[in-house]
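Enquirer: First, the structure itself, so that you have it in front of you.
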Amino acid sequence: MNILLASSEVYPFSKTGGLADVAGALPEALVKLGHKVLVVSPWYKTLKAKNAPLWIGDEWVPFDNTIETCGVGVLEQHGVTYAFIGHHYFQRDSLYGYEDDTKRFCLFTRAIPQAGARLNFVPDIIHANDWHTGYLPMLLEHGWHMPSGYVRKPSVFTIHNVQYQGNSGLDETLSWLRLPGFLRDSYMNYFGSANAMQAALGFAHRVTTVSPTYAEEIKTPAYGYGLDGTLRHISGKLSGIVNGIDTDIWNPKTDGQIAQTYTAKSLTKKVLNKQALCERFNLDVNKPIIAVVSRLVDQKGIDVFIDGATELLWQDWNVFVQGSGEQDLEAALYSLTARNPGRFASFVGYDEALAHLVYAGADTLAIPSRFEPCGLTQLIAMRYGTIPIARATGGLADTIRANETGFLFDHLNVSGLLWATKVARDAYDNHSFWQSMMKNAMAQDFSWERSAQAYIELYKSIHG
Ligand code: ADP
Ligand code: GLC
(Lines give C-alpha, C1' and ligand atoms only; values in the text may rest on other atoms or scores of the structure.)
(Ligands and ions follow the chains in the order given, each with its own letter.)
Protein backbone atom coordinates (compact mmCIF):
# COMPACT_ATOMS: atom_id res chain seq x y z
CA MET A 1 0.00 0.00 0.00
CA ASN A 2 1.04 3.63 -0.52
CA ILE A 3 0.58 5.50 2.72
CA LEU A 4 0.92 9.25 3.20
CA LEU A 5 1.46 10.17 6.85
CA ALA A 6 1.18 13.83 7.83
CA SER A 7 2.56 15.12 11.10
CA SER A 8 3.57 18.50 12.52
CA GLU A 9 6.71 16.95 14.01
CA VAL A 10 8.85 13.94 13.18
CA TYR A 11 11.93 12.54 14.92
CA PRO A 12 14.86 13.02 14.26
CA PHE A 13 14.03 16.16 12.31
CA SER A 14 11.85 17.95 14.85
CA LYS A 15 10.44 17.01 18.23
CA THR A 16 8.60 18.45 21.20
CA GLY A 17 7.07 15.20 22.44
CA GLY A 18 5.83 11.71 21.66
CA LEU A 19 4.07 12.65 18.41
CA ALA A 20 7.51 13.08 16.84
CA ASP A 21 8.61 9.67 18.10
CA VAL A 22 5.52 8.03 16.59
CA ALA A 23 5.81 9.85 13.25
CA GLY A 24 9.45 8.78 13.15
CA ALA A 25 9.01 5.13 14.07
CA LEU A 26 5.64 4.01 12.64
CA PRO A 27 6.58 4.75 8.99
CA GLU A 28 9.78 2.70 9.31
CA ALA A 29 7.77 -0.19 10.75
CA LEU A 30 5.24 0.07 7.87
CA VAL A 31 8.09 0.01 5.35
CA LYS A 32 9.45 -3.13 7.01
CA LEU A 33 6.05 -4.73 6.41
CA GLY A 34 6.48 -4.05 2.70
CA HIS A 35 4.58 -0.78 2.24
CA LYS A 36 5.59 2.53 0.74
CA VAL A 37 5.39 5.55 3.04
CA LEU A 38 5.66 9.28 2.41
CA VAL A 39 5.89 11.40 5.56
CA VAL A 40 4.99 15.08 5.12
CA SER A 41 6.06 17.59 7.77
CA PRO A 42 6.94 21.30 7.98
CA TRP A 43 10.45 22.46 7.10
CA TYR A 44 11.26 24.17 10.39
CA LYS A 45 14.10 26.58 10.98
CA THR A 46 15.11 24.22 13.77
CA LEU A 47 15.03 21.16 11.50
CA LYS A 48 17.48 18.66 12.85
CA ALA A 49 18.97 16.04 10.59
CA LYS A 50 22.26 14.60 9.64
CA ASN A 51 21.37 15.35 6.04
CA ALA A 52 19.42 18.44 5.12
CA PRO A 53 16.53 17.84 2.72
CA LEU A 54 17.08 18.49 -0.95
CA TRP A 55 14.98 21.40 -2.21
CA ILE A 56 13.16 20.17 -5.31
CA GLY A 57 11.11 23.22 -6.17
CA ASP A 58 8.28 25.51 -5.16
CA GLU A 59 4.57 24.80 -5.06
CA TRP A 60 1.80 27.32 -5.46
CA VAL A 61 -0.62 26.68 -2.65
CA PRO A 62 -4.11 28.24 -2.85
CA PHE A 63 -4.55 29.87 0.54
CA ASP A 64 -6.48 32.72 2.14
CA ASN A 65 -7.76 34.19 -1.14
CA THR A 66 -4.31 34.23 -2.58
CA ILE A 67 -1.53 31.89 -3.64
CA GLU A 68 1.30 31.16 -1.22
CA THR A 69 4.63 29.84 -2.41
CA CYS A 70 5.88 26.86 -0.42
CA GLY A 71 9.23 25.15 -0.97
CA VAL A 72 9.32 21.37 -1.05
CA GLY A 73 12.35 19.51 0.32
CA VAL A 74 12.87 15.76 0.05
CA LEU A 75 14.95 13.21 1.88
CA GLU A 76 15.08 9.41 2.07
CA GLN A 77 15.97 7.62 5.28
CA HIS A 78 15.64 3.95 6.24
CA GLY A 79 13.33 3.33 3.29
CA VAL A 80 10.94 6.18 4.18
CA THR A 81 10.53 9.24 1.95
CA TYR A 82 10.15 12.57 3.74
CA ALA A 83 8.71 15.71 2.15
CA PHE A 84 9.22 18.96 4.03
CA ILE A 85 7.06 22.00 3.38
CA GLY A 86 8.97 25.26 3.54
CA HIS A 87 7.40 28.66 4.26
CA HIS A 88 8.37 31.63 6.42
CA TYR A 89 5.59 30.52 8.82
CA PHE A 90 7.93 27.74 9.95
CA GLN A 91 11.11 29.81 10.15
CA ARG A 92 10.58 30.63 13.82
CA ASP A 93 12.46 29.70 16.98
CA SER A 94 9.86 27.21 18.24
CA LEU A 95 7.52 24.77 16.56
CA TYR A 96 4.40 26.07 18.30
CA GLY A 97 3.21 28.72 20.71
CA TYR A 98 2.31 31.53 18.32
CA GLU A 99 -0.97 33.42 18.00
CA ASP A 100 -1.34 32.40 14.38
CA ASP A 101 -0.65 28.67 14.96
CA THR A 102 -4.00 27.57 13.53
CA LYS A 103 -3.43 29.60 10.38
CA ARG A 104 0.16 28.31 10.05
CA PHE A 105 -0.95 24.69 10.21
CA CYS A 106 -3.88 25.32 7.86
CA LEU A 107 -1.28 26.39 5.30
CA PHE A 108 0.76 23.29 6.05
CA THR A 109 -2.34 21.09 5.68
CA ARG A 110 -3.29 22.77 2.41
CA ALA A 111 0.20 22.11 1.01
CA ILE A 112 0.32 18.39 1.90
CA PRO A 113 -1.57 16.93 -1.10
CA GLN A 114 0.36 19.17 -3.44
CA ALA A 115 3.72 18.13 -2.05
CA GLY A 116 2.63 14.49 -2.43
CA ALA A 117 1.51 15.04 -6.01
CA ARG A 118 4.75 16.86 -6.80
CA LEU A 119 6.58 13.65 -5.86
CA ASN A 120 4.16 11.64 -8.03
CA PHE A 121 3.03 9.85 -4.90
CA VAL A 122 -0.47 8.41 -5.35
CA PRO A 123 -1.68 7.40 -1.89
CA ASP A 124 -4.03 4.55 -1.04
CA ILE A 125 -4.42 5.92 2.48
CA ILE A 126 -3.85 9.32 4.04
CA HIS A 127 -3.07 9.27 7.74
CA ALA A 128 -3.30 12.60 9.62
CA ASN A 129 -2.26 13.18 13.22
CA ASP A 130 -3.55 15.61 15.84
CA TRP A 131 -5.21 18.99 15.28
CA HIS A 132 -2.38 20.43 13.16
CA THR A 133 -3.42 18.24 10.25
CA GLY A 134 -7.03 17.91 11.39
CA TYR A 135 -8.49 19.60 8.31
CA LEU A 136 -6.82 17.16 5.93
CA PRO A 137 -9.70 14.61 5.80
CA MET A 138 -12.18 17.43 5.11
CA LEU A 139 -9.98 18.91 2.40
CA LEU A 140 -9.69 15.55 0.67
CA GLU A 141 -13.46 15.26 0.72
CA HIS A 142 -14.47 18.80 -0.29
CA GLY A 143 -11.37 20.76 -1.20
CA TRP A 144 -11.14 22.79 -4.35
CA HIS A 145 -7.92 22.63 -6.36
CA MET A 146 -7.00 19.18 -5.07
CA PRO A 147 -4.42 17.35 -7.17
CA SER A 148 -5.60 14.25 -8.96
CA GLY A 149 -5.02 11.08 -6.99
CA TYR A 150 -6.00 12.84 -3.75
CA VAL A 151 -9.70 13.57 -4.14
CA ARG A 152 -11.83 11.53 -1.68
CA LYS A 153 -8.98 9.26 -0.69
CA PRO A 154 -9.68 7.21 2.47
CA SER A 155 -8.28 8.87 5.55
CA VAL A 156 -7.31 7.87 9.06
CA PHE A 157 -6.97 10.42 11.83
CA THR A 158 -5.05 9.65 15.02
CA ILE A 159 -5.71 11.57 18.22
CA HIS A 160 -2.50 11.86 20.22
CA ASN A 161 -4.00 14.39 22.59
CA VAL A 162 -7.61 15.60 22.55
CA GLN A 163 -6.80 18.60 24.76
CA TYR A 164 -5.23 20.56 21.91
CA GLN A 165 -7.87 21.15 19.22
CA GLY A 166 -6.85 24.06 16.97
CA ASN A 167 -9.53 26.73 17.30
CA SER A 168 -10.13 29.69 15.01
CA GLY A 169 -12.92 31.75 13.48
CA LEU A 170 -15.23 29.85 11.11
CA ASP A 171 -15.21 32.26 8.19
CA GLU A 172 -11.49 32.97 8.31
CA THR A 173 -10.72 29.25 8.44
CA LEU A 174 -12.92 28.51 5.43
CA SER A 175 -11.17 31.28 3.58
CA TRP A 176 -7.66 30.12 4.56
CA LEU A 177 -8.46 26.60 3.39
CA ARG A 178 -10.46 27.75 0.34
CA LEU A 179 -13.40 25.58 1.33
CA PRO A 180 -17.02 26.10 0.27
CA GLY A 181 -19.24 28.09 2.64
CA PHE A 182 -21.78 25.29 3.20
CA LEU A 183 -19.12 23.58 5.37
CA ARG A 184 -19.89 26.20 8.01
CA ASP A 185 -22.61 23.73 9.05
CA SER A 186 -20.39 20.71 9.27
CA TYR A 187 -18.19 18.98 11.85
CA MET A 188 -15.71 21.83 11.70
CA ASN A 189 -18.26 24.00 13.52
CA TYR A 190 -17.84 23.78 17.27
CA PHE A 191 -20.42 26.08 18.86
CA GLY A 192 -19.84 28.76 16.25
CA SER A 193 -16.10 28.58 15.85
CA ALA A 194 -13.83 26.33 13.82
CA ASN A 195 -12.26 23.31 15.52
CA ALA A 196 -9.65 21.33 13.58
CA MET A 197 -9.84 18.28 15.84
CA GLN A 198 -13.61 18.00 15.55
CA ALA A 199 -13.42 18.43 11.77
CA ALA A 200 -11.08 15.44 11.68
CA LEU A 201 -13.37 13.35 13.89
CA GLY A 202 -16.23 14.02 11.50
CA PHE A 203 -14.53 13.67 8.14
CA ALA A 204 -11.91 10.95 8.66
CA HIS A 205 -12.99 7.48 7.58
CA ARG A 206 -11.46 6.00 10.72
CA VAL A 207 -10.34 7.64 13.96
CA THR A 208 -7.80 6.09 16.29
CA THR A 209 -6.25 7.03 19.58
CA VAL A 210 -2.90 5.79 20.81
CA SER A 211 -4.26 3.35 23.41
CA PRO A 212 -7.54 1.45 23.87
CA THR A 213 -8.17 2.85 27.36
CA TYR A 214 -7.81 6.44 26.16
CA ALA A 215 -10.30 5.65 23.36
CA GLU A 216 -12.84 4.85 26.09
CA GLU A 217 -11.87 7.69 28.45
CA ILE A 218 -12.29 10.47 25.89
CA LYS A 219 -15.93 9.55 25.43
CA THR A 220 -16.54 10.88 28.96
CA PRO A 221 -16.74 14.56 29.97
CA ALA A 222 -13.79 14.21 32.36
CA TYR A 223 -11.38 13.34 29.54
CA GLY A 224 -13.05 14.58 26.36
CA TYR A 225 -12.20 18.29 26.65
CA GLY A 226 -15.58 19.22 25.25
CA LEU A 227 -15.45 16.70 22.39
CA ASP A 228 -16.80 13.72 24.35
CA GLY A 229 -20.24 14.14 22.78
CA THR A 230 -18.79 14.10 19.27
CA LEU A 231 -16.57 11.17 20.18
CA ARG A 232 -19.55 9.18 21.48
CA HIS A 233 -21.37 10.01 18.28
CA ILE A 234 -18.53 8.72 16.06
CA SER A 235 -17.62 5.82 18.35
CA GLY A 236 -18.43 3.30 15.58
CA LYS A 237 -15.31 4.35 13.72
CA LEU A 238 -13.13 5.00 16.78
CA SER A 239 -10.57 2.52 18.11
CA GLY A 240 -7.29 2.45 20.03
CA ILE A 241 -3.92 1.14 18.83
CA VAL A 242 -1.17 1.33 21.39
CA ASN A 243 2.13 2.96 20.39
CA GLY A 244 5.46 1.18 20.28
CA ILE A 245 8.93 2.65 20.65
CA ASP A 246 11.91 2.58 18.33
CA THR A 247 13.81 -0.30 19.89
CA ASP A 248 17.00 0.60 18.00
CA ILE A 249 17.13 4.11 19.42
CA TRP A 250 16.05 2.95 22.87
CA ASN A 251 18.27 -0.03 23.50
CA PRO A 252 20.39 -0.34 26.67
CA LYS A 253 22.53 -2.95 24.92
CA THR A 254 23.77 -0.56 22.23
CA ASP A 255 22.87 2.96 23.44
CA GLY A 256 25.82 5.24 22.68
CA GLN A 257 24.40 8.06 24.83
CA ILE A 258 24.65 6.28 28.18
CA ALA A 259 27.68 5.76 30.41
CA GLN A 260 27.59 1.94 30.29
CA THR A 261 25.58 -0.40 28.08
CA TYR A 262 23.88 -3.40 29.70
CA THR A 263 21.30 -6.13 29.19
CA ALA A 264 18.92 -8.06 31.45
CA LYS A 265 21.77 -10.55 31.91
CA SER A 266 24.27 -7.91 33.01
CA LEU A 267 22.06 -5.75 35.20
CA THR A 268 24.84 -5.00 37.68
CA LYS A 269 26.32 -2.70 35.02
CA LYS A 270 23.22 -0.49 35.10
CA VAL A 271 24.51 1.08 38.31
CA LEU A 272 27.38 2.72 36.40
CA ASN A 273 24.76 4.88 34.70
CA LYS A 274 23.34 5.78 38.08
CA GLN A 275 26.81 6.78 39.22
CA ALA A 276 27.30 8.95 36.15
CA LEU A 277 23.96 10.67 36.72
CA CYS A 278 24.68 11.19 40.41
CA GLU A 279 28.13 12.61 39.74
CA ARG A 280 26.84 15.01 37.16
CA PHE A 281 24.01 16.26 39.37
CA ASN A 282 25.61 15.90 42.77
CA LEU A 283 23.23 13.25 44.11
CA ASP A 284 23.98 10.79 46.88
CA VAL A 285 24.52 7.52 44.97
CA ASN A 286 23.47 5.18 47.77
CA LYS A 287 19.75 5.86 47.66
CA PRO A 288 17.26 4.75 45.00
CA ILE A 289 16.40 7.38 42.43
CA ILE A 290 12.87 8.26 41.45
CA ALA A 291 13.07 10.24 38.20
CA VAL A 292 10.79 12.21 35.92
CA VAL A 293 11.34 12.97 32.22
CA SER A 294 8.45 15.07 31.05
CA ARG A 295 6.95 18.15 29.53
CA LEU A 296 6.05 20.31 32.51
CA VAL A 297 2.37 20.84 31.76
CA ASP A 298 -0.90 20.26 33.57
CA GLN A 299 -1.48 16.94 31.76
CA LYS A 300 1.55 15.34 33.40
CA GLY A 301 0.56 15.95 37.06
CA ILE A 302 4.01 17.32 37.91
CA ASP A 303 2.34 19.78 40.30
CA VAL A 304 1.24 16.80 42.41
CA PHE A 305 4.72 15.30 42.23
CA ILE A 306 6.21 18.61 43.40
CA ASP A 307 3.68 18.84 46.26
CA GLY A 308 4.74 15.37 47.40
CA ALA A 309 8.47 15.89 46.84
CA THR A 310 9.48 16.51 50.45
CA GLU A 311 7.72 13.35 51.56
CA LEU A 312 9.43 11.42 48.78
CA LEU A 313 12.72 12.42 50.38
CA TRP A 314 11.36 11.19 53.74
CA GLN A 315 10.54 7.87 52.05
CA ASP A 316 14.27 7.78 51.38
CA TRP A 317 14.23 8.40 47.64
CA ASN A 318 16.57 10.69 45.81
CA VAL A 319 14.69 12.67 43.19
CA PHE A 320 15.74 13.76 39.72
CA VAL A 321 13.45 15.72 37.40
CA GLN A 322 14.18 16.55 33.76
CA GLY A 323 11.64 18.71 32.02
CA SER A 324 10.63 22.02 30.59
CA GLY A 325 7.37 23.86 30.26
CA GLU A 326 5.28 25.99 32.58
CA GLN A 327 7.27 28.60 34.44
CA ASP A 328 5.79 28.07 37.91
CA LEU A 329 6.69 24.37 37.75
CA GLU A 330 10.21 25.18 36.59
CA ALA A 331 10.58 27.67 39.45
CA ALA A 332 9.37 25.07 41.98
CA LEU A 333 12.03 22.66 40.69
CA TYR A 334 14.80 25.24 41.07
CA SER A 335 13.66 25.90 44.60
CA LEU A 336 13.47 22.21 45.62
CA THR A 337 16.92 21.65 44.12
CA ALA A 338 18.40 24.56 46.04
CA ARG A 339 16.81 23.45 49.33
CA ASN A 340 17.80 19.76 49.12
CA PRO A 341 21.41 19.41 48.01
CA GLY A 342 22.49 15.84 47.40
CA ARG A 343 18.88 14.62 47.50
CA PHE A 344 16.87 16.50 44.88
CA ALA A 345 18.28 17.53 41.51
CA SER A 346 16.75 18.80 38.32
CA PHE A 347 17.53 19.71 34.75
CA VAL A 348 15.22 22.33 33.36
CA GLY A 349 15.38 22.16 29.58
CA TYR A 350 15.19 19.76 26.68
CA ASP A 351 18.12 17.38 26.23
CA GLU A 352 17.75 14.14 24.31
CA ALA A 353 21.13 12.67 25.35
CA LEU A 354 20.54 13.37 29.03
CA ALA A 355 17.13 11.68 28.80
CA HIS A 356 18.91 8.48 27.72
CA LEU A 357 21.17 8.64 30.77
CA VAL A 358 18.20 9.25 33.07
CA TYR A 359 16.26 6.26 31.73
CA ALA A 360 19.38 4.12 32.20
CA GLY A 361 20.52 5.56 35.52
CA ALA A 362 17.29 5.92 37.52
CA ASP A 363 15.71 3.11 39.52
CA THR A 364 12.12 4.23 38.97
CA LEU A 365 10.30 6.70 36.75
CA ALA A 366 7.27 8.59 38.09
CA ILE A 367 4.46 9.38 35.64
CA PRO A 368 1.59 10.90 37.64
CA SER A 369 -0.44 11.95 34.58
CA ARG A 370 -3.93 13.46 34.78
CA PHE A 371 -4.51 11.81 31.43
CA GLU A 372 -2.10 9.99 29.14
CA PRO A 373 -3.16 9.10 25.58
CA CYS A 374 -0.35 6.54 25.42
CA GLY A 375 2.86 7.71 27.02
CA LEU A 376 6.22 6.60 25.76
CA THR A 377 8.39 7.30 28.78
CA GLN A 378 7.04 4.27 30.67
CA LEU A 379 7.84 2.05 27.67
CA ILE A 380 11.36 3.42 27.42
CA ALA A 381 11.88 3.12 31.18
CA MET A 382 10.79 -0.54 31.20
CA ARG A 383 13.16 -1.29 28.34
CA TYR A 384 15.97 0.09 30.50
CA GLY A 385 14.89 -1.89 33.57
CA THR A 386 13.68 1.29 35.26
CA ILE A 387 10.40 0.65 37.02
CA PRO A 388 7.49 3.01 36.22
CA ILE A 389 5.28 4.32 39.02
CA ALA A 390 2.30 5.71 37.18
CA ARG A 391 -1.29 6.78 37.43
CA ALA A 392 -3.60 4.09 36.02
CA THR A 393 -4.93 6.07 33.07
CA GLY A 394 -4.86 5.78 29.27
CA GLY A 395 -1.84 4.04 27.81
CA LEU A 396 -0.17 3.82 31.22
CA ALA A 397 -2.92 1.46 32.36
CA ASP A 398 -2.66 -0.49 29.09
CA THR A 399 1.11 -1.03 29.10
CA ILE A 400 2.16 -1.40 32.76
CA ARG A 401 1.33 -4.61 34.61
CA ALA A 402 0.75 -3.69 38.25
CA ASN A 403 3.37 -5.19 40.60
CA GLU A 404 4.95 -7.13 37.73
CA THR A 405 6.46 -4.49 35.49
CA GLY A 406 5.58 -1.36 37.46
CA PHE A 407 3.33 0.28 40.04
CA LEU A 408 -0.03 1.89 39.37
CA PHE A 409 -2.27 4.18 41.42
CA ASP A 410 -5.79 5.41 40.72
CA HIS A 411 -6.25 8.78 42.38
CA LEU A 412 -4.17 11.70 41.30
CA ASN A 413 -3.37 13.45 44.55
CA VAL A 414 -0.41 13.48 46.89
CA SER A 415 -1.67 10.53 48.96
CA GLY A 416 -2.33 8.43 45.86
CA LEU A 417 1.16 9.10 44.57
CA LEU A 418 2.86 8.58 47.93
CA TRP A 419 1.01 5.34 48.54
CA ALA A 420 2.41 3.93 45.28
CA THR A 421 5.93 5.25 45.87
CA LYS A 422 5.89 3.70 49.36
CA VAL A 423 4.91 0.30 47.95
CA ALA A 424 7.68 0.67 45.35
CA ARG A 425 10.19 1.79 47.98
CA ASP A 426 9.49 -1.32 50.10
CA ALA A 427 9.71 -3.52 47.00
CA TYR A 428 13.07 -1.96 46.13
CA ASP A 429 14.49 -3.16 49.45
CA ASN A 430 13.55 -6.73 48.54
CA HIS A 431 16.53 -7.28 46.28
CA SER A 432 15.46 -10.50 44.56
CA PHE A 433 11.90 -9.26 43.97
CA TRP A 434 13.21 -6.03 42.48
CA GLN A 435 15.61 -7.89 40.22
CA SER A 436 12.81 -10.06 38.89
CA MET A 437 10.65 -6.98 38.32
CA MET A 438 13.42 -5.31 36.33
CA LYS A 439 13.79 -8.44 34.24
CA ASN A 440 10.03 -8.66 33.67
CA ALA A 441 9.99 -5.04 32.53
CA MET A 442 12.94 -5.55 30.18
CA ALA A 443 11.37 -8.66 28.67
CA GLN A 444 8.29 -6.78 27.41
CA ASP A 445 7.97 -6.35 23.66
CA PHE A 446 7.23 -2.72 22.89
CA SER A 447 8.47 -2.79 19.31
CA TRP A 448 6.34 -1.20 16.61
CA GLU A 449 5.78 -4.33 14.56
CA ARG A 450 2.52 -5.42 16.16
CA SER A 451 1.01 -1.93 16.17
CA ALA A 452 2.11 -1.30 12.59
CA GLN A 453 0.30 -4.51 11.65
CA ALA A 454 -2.82 -3.22 13.38
CA TYR A 455 -2.65 0.03 11.38
CA ILE A 456 -2.33 -2.00 8.17
CA GLU A 457 -5.47 -3.98 9.06
CA LEU A 458 -7.27 -0.70 9.66
CA TYR A 459 -6.03 0.83 6.39
CA LYS A 460 -7.14 -2.28 4.50
CA SER A 461 -10.62 -2.07 6.01
CA ILE A 462 -11.22 1.29 4.27
CA HIS A 463 -9.10 0.89 1.17
CA GLY A 464 -11.46 0.04 -1.68
P1 ADP B 1 4.17 13.64 25.45
O2 ADP B 1 4.20 13.41 24.00
O3 ADP B 1 2.80 13.88 25.98
O4 ADP B 1 5.12 14.67 25.91
P5 ADP B 1 5.27 10.92 25.64
O6 ADP B 1 5.55 10.10 26.83
O7 ADP B 1 4.47 10.32 24.57
O8 ADP B 1 4.63 12.28 26.18
O9 ADP B 1 6.62 11.34 24.92
C10 ADP B 1 7.57 12.17 25.50
C11 ADP B 1 8.85 12.09 24.69
O12 ADP B 1 9.57 13.31 24.88
C13 ADP B 1 9.76 10.98 25.15
O14 ADP B 1 10.56 10.56 24.04
C15 ADP B 1 10.63 11.68 26.20
O16 ADP B 1 11.87 11.03 26.39
C17 ADP B 1 10.79 13.04 25.57
N18 ADP B 1 11.01 14.15 26.52
C19 ADP B 1 10.10 14.77 27.32
N20 ADP B 1 10.65 15.78 27.99
C21 ADP B 1 11.97 15.80 27.62
C22 ADP B 1 13.08 16.64 27.97
N23 ADP B 1 12.97 17.64 28.82
N24 ADP B 1 14.27 16.37 27.37
C25 ADP B 1 14.40 15.33 26.51
N26 ADP B 1 13.39 14.53 26.15
C27 ADP B 1 12.19 14.76 26.68
C1 GLC C 1 0.83 12.76 22.91
C2 GLC C 1 0.42 12.16 24.24
C3 GLC C 1 1.26 10.98 24.66
C4 GLC C 1 1.51 10.05 23.48
C5 GLC C 1 2.10 10.83 22.32
C6 GLC C 1 2.39 9.95 21.12
O7 GLC C 1 1.85 13.70 23.05
O8 GLC C 1 0.44 13.15 25.27
O9 GLC C 1 0.60 10.28 25.69
O10 GLC C 1 2.39 9.01 23.87
O11 GLC C 1 1.19 11.81 21.93
O12 GLC C 1 1.25 9.29 20.65
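Enquirer: When we measure straight from the Cα of Lys237, which lysines land under 16 angstrom away, once same-chain ones fewer than 8 places off are left out?
Expert: Cross-link targets: Lys219, Lys460.
Enquirer: If you count only protein heavy atoms and use a 1.4 Å probe, how large is the accessible surface of Ile234, to the nearest 10 Å²?
Expert: Here the accessible area works out near 10 Å².
Enquirer: Once you list every other residue whose beta carbon is under 15 Å from the beta carbon of Asn282, what net charge do they have if Lys and Arg are +1 and Asp and Glu are -1? Kindly include the intermediate steps, with their values, before the conclusion.
Expert: On the way: positive: Lys274, Arg280, Lys287, Arg339, Arg343; negative: Glu279, Asp284.
Surrounding charge for Asn282 is +3.
Enquirer: Got a sec? What order do Tyr82, Tyr223, Tyr350 fall in by accessible area at 1.4 Å, biggest, i.e. largest, first?
Expert: Numbers: Tyr82 5, Tyr223 45, Tyr350 120 Å².
Ranking Tyr82, Tyr223, Tyr350 by accessible area, largest first, yields Tyr350, Tyr223, Tyr82.
Enquirer: I'd like to compare 312-321, 401-410: which one has the highest average count of other Cβ atoms within 10 Å, and what's the full order after that?
Expert: Values: 312-321: 20.6, 401-410: 17.5.
Taking the mean over residues of other Cβ atoms within 10 Å, the ranking is 312-321, 401-410.
Enquirer: Ordering Tyr44, Tyr334 from largest to smallest accessible area (1.4 angstrom probe), what's the sequence?
Expert: Values: Tyr44 5, Tyr334 135 Å².
The ordering from most to least exposed comes out as Tyr334, Tyr44.
Enquirer: Expressed as a rounded percentage, what relative contact order does the chain have, with Cα pairs under 8 Å and six or more residues apart? Intermediate results must be reported in sequence, preceding the final value.
Expert: On the way: 974 pairs, mean separation 57.4, N = 464.
After rounding, I find 12 percent.
Enquirer: At a 1.4 Å probe, what is the % contribution of carbon and sulfur to the accessible area of region 267-445? Please report the intermediate quantities before stating the final value.
Expert: Numbers: 3290 of 6600 Å².
The value for region 267-445 is 50 percent carbon and sulfur by accessible area.
Enquirer: If the only charges are +1 at each Lys and Arg Cβ and -1 at each Asp and Glu Cβ, what is the size of the charge dipole of region 267-445 around the Cα centre, to the nearest 20 debye?
Expert: The dipole magnitude comes to about 480 debye.
Enquirer: How big is the accessible area of Asp101 in square angstrom, nearest 10, if you roll a 1.4 angstrom probe over the protein chains?
Expert: Accessible area, nearest 10 Å²: 20 Å².
Enquirer: How many percent of the accessible area of region 78-154 is carbon or sulfur, using a 1.4 Å probe? Show your work: numbers first, answer last.
Expert: On the way: 1300 of 2670 Å².
The nonpolar share, carbon plus sulfur, comes to 49 percent.
Enquirer: Right, something else. Need one value: the accessible area of His78 in square angstrom, 1.4 angstrom probe, rounded to the nearest 10.
Expert: Answer for His78: close to 130 Å² accessible.
Enquirer: By per-residue mean of other Cβ atoms within 10 Å, what is the highest-first order of 118-124, 142-148, 414-420?
Expert: On the way: 118-124: 16.4, 142-148: 14.9, 414-420: 18.4.
Most protected by this proxy first, the peptides run 414-420, 118-124, 142-148.
Enquirer: Apply the Karplus curve 6.51 cos²θ - 1.76 cosθ + 1.60, θ = phi - 60°, to the phi angles in region 391-396 and return the couplings in whole Hz, x for Gly and Pro.
Expert: Taking θ as phi minus 60°, the curve returns 6, 7, 9, x, x, 5 Hz for region 391-396.
Enquirer: Given contacts defined as C-alpha pairs under 8 Å and at least six residues apart, what's the relative contact order of region 267-445, whole-number percent? Mind dumping the intermediate values first?
Expert: Details: 324 pairs, mean separation 39.8, N = 179.
RCO, region 267-445: 22 percent.
Enquirer: Check the straight Cα-Cα distances from Lys439 and name the lysines below 22 Å, setting aside those fewer than 8 residues away within the same chain.
Expert: Lys253, Lys265, Lys269, Lys270, Lys274, Lys287, Lys422
Enquirer: Moving on to the next point. Of all DSSP beta bridges in the chain, what percent run antiparallel (nearest 5)?
Expert: Close to 30 percent.
Enquirer: Report the Cα centroid-to-centroid distance between region 381-412 and region 303-367 in angstrom, as an integer.
Expert: 18
Enquirer: Let me ask something else. Quote the FRET efficiency, to the nearest 0.05, computed for Ala264 versus Thr66 with a Förster distance R0 of 41 Å and r equal to the Cβ-Cβ distance.
Expert: 0.10
Enquirer: Something else now. Might you tell me the accessible area per residue for the chain, computed with a 1.4 Å probe and given in Å²?
Expert: Values: 17650 Å² over 464 residues.
Value returned for the chain: 38 Å² of accessible area per residue.
Enquirer: With runs of 4+ DSSP H residues as the only contributors, calculate the mean residue ellipticity of the chain at 222 nm using -39,500 (n - 2.57) per run, divided by the residue total and rounded to the nearest 500. List each step's numbers first, then the result.
Expert: Values: 18 runs with 175 residues, N = 464.
That calculation yields -11000 deg cm²/dmol at 222 nm.
Enquirer: What does the charge add up to near Leu170, with Lys and Arg as +1, Asp and Glu as -1, over the other residues with Cβ less than 15 Å from its Cβ? All intermediate terms of the calculation are to be shown ahead of the outcome.
Expert: Numbers: positive: Lys103, Arg178, Arg184; negative: Asp64, Asp171, Glu172, Asp185.
Computed value for this residue: -1.
The values are calculated or read from the model by the stated rules, or taken from the named source; none is laboratory data. Everything numeric in this text was worked out from a predicted model, so none of it was measured. As a convention, Cβ positions derive from the backbone with ideal geometry for all residues, glycine included, and neighbour counts pool all protein chains shown. Quick note on the areas: whole protein, heavy atoms, side chains included, nothing else; ligands and nucleic acids left out. Shrake-Rupley method; radii C 1.70, N 1.55, O 1.52, S 1.80 Å.
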